[in-house]
Amino acid sequence: MHEITLCQQALELIEQQAHQHHAKRVTDVWLRVGAFSCVESSALQFCFELVCRGTLAEGCGLHLEEQQAECWCQDCQEYVQLLTHRVRRCPQCGGASLNIVADDGLHITRLEIEQE
């Protein structure tokens, strides 16, 4: 389960930002989960609550946005959405020259804080 490590790393960044902005507490966090990250949303939520205990982010709202599996097809020159990351061919033209646009990471897209 790599969700715990991802949450620990995210919390480090959240706490850095919170301290820089003199936050009393973090009230909400928005995370974008990469389409190819192999992250289980329910496990991520559980781990996030766990690592936030006793921190400025304890009890904050967690908002997850799951990124679509998007690729650039070199054959038809279009961005295409994949229904699953196991697809190897373009759903529009059937071409096999797909470049992944979606990533495999976890990104903090927004924080809301209460200031001192």
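The values are calculated or read from the model by the stated rules, or taken from the named source; none is laboratory data. Fair warning: this is a prediction, and the values are worked out from it, not measured in the lab. Note: ideal-geometry Cβ built from the backbone for every residue, glycine included; neighbour counts use all protein chains shown. For accessibility, only protein heavy atoms count, side chains too; no ligands or nucleic acids. Shrake-Rupley method; radii C 1.70, N 1.55, O 1.52, S 1.80 Å.
Of the candidates Ala57, Ala23, the single residue that is touching a Leu at 6+ places or on another chain (Cβ under 7 Å) and under 20 Å from Thr5 (Cα atoms) is Ala57.
In this structure, is Arg110 of a type in the set (Lys, Arg), in contact (Cβ under 8 Å) with a residue 40 or more places away in the chain and exposed (fewer than 14 other Cβ atoms within 10 Å of the Cβ)? Against the criterion (of a type in the set (Lys, Arg), in contact (Cβ under 8 Å) with a residue 40 or more places away in the chain and exposed (fewer than 14 other Cβ atoms within 10 Å of the Cβ)), Arg110 qualifies. Considering only residues that are under 20 Å from Gln115 (Cβ atoms), touching a strand residue (DSSP E or B) at 6+ places or on another chain (Cβ under 8 Å) and loosely packed, with under 15 Cβ neighbours inside 10 Å, which ones fall in the range 18-45? If the condition is that a residue be under 20 Å from Gln115 (Cβ atoms), touching a strand residue (DSSP E or B) at 6+ places or on another chain (Cβ under 8 Å) and loosely packed, with under 15 Cβ neighbours inside 10 Å, then His21, His22, Lys24, Asp28 are the ones that fit.
Just to verify a result, which residue in the range 46-85, among those that are open to solvent by 90 Å² or more (accessible area, probe 1.4 Å) and in a helix (DSSP H, G or I), is nearest to Gln16 (Cα to Cα)? My answer is Glu49. If you check Cys60 against the conditions, is it under 24 Å from Glu114 (Cβ atoms) and either out of contact with any helix residue (DSSP H, G or I) (no Cβ under 6 Å at 6 or more places or on another chain) or not hydroxyl-bearing (Ser, Thr, Tyr) (or both)? Criteria met by Cys60. Number of residues in the range 87-113 that are under 30 Å from Arg25 (Cα atoms) and out of contact with any Gly (no Cβ under 9 Å at 6 or more places or on another chain): the value is 5. Only residues that are farther than 30 Å from Glu15 by Cβ and in a loop (DSSP other than H, G, I, E, B) were counted in the range 86-104, giving 13.
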